[in-house]
Amino acid sequence: MSTVVSAKIPEELKKKADKYGIQIGRLVREVLEEKIRTMENQMLSSQLDEISSKIGSKIRRGDAIKAVRSSRDER
């Protein structure tokens, strides 16, 4: 399922995007996906740090990160 998002940009910017063959919709989608991935990773890292501090040295941070990444790759 998709939804429509619109934004106003200067006419000159639109002309330049057209001139260089930039597909604005695709670019916005890619940049938004990357931003969300980055923010999710930061949030997970913060949560891992918090959990790690609560349980001490029982689990190494690197092992936890590998487990999270492995779980994400399975989706």
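Odds and ends about this structure:
- Residues (outside any helix (DSSP H, G or I) and of a type in the set (Gly, Ala, Ser)) located in region 12-48: 21
- Test for residue 64: is it aliphatic (A, V, I, L, M) and more than 20 Å from the chain's Cα centre (by Cα): no
- Residue match in region 52-63 (condition: of a type in the set (Lys, Arg), surrounded by 10 or more Cβ atoms within 10 Å (Cβ to Cβ) and modelled with pLDDT under 95): yes
- Matching entry among 6, 52 (being in contact with a helix residue (DSSP H, G or I) (Cβ under 7 Å, 6 or more places away or on another chain) and of a type outside the set (Val, Ile, Thr)): 52
The values are calculated or read from the model by the stated rules, or taken from the named source; none is laboratory data. None of these values were measured; they are calculated from a predicted model. Because the Cβ atoms are built from the backbone with ideal geometry, glycine has one as well, and the counts that use them run over all protein chains shown.
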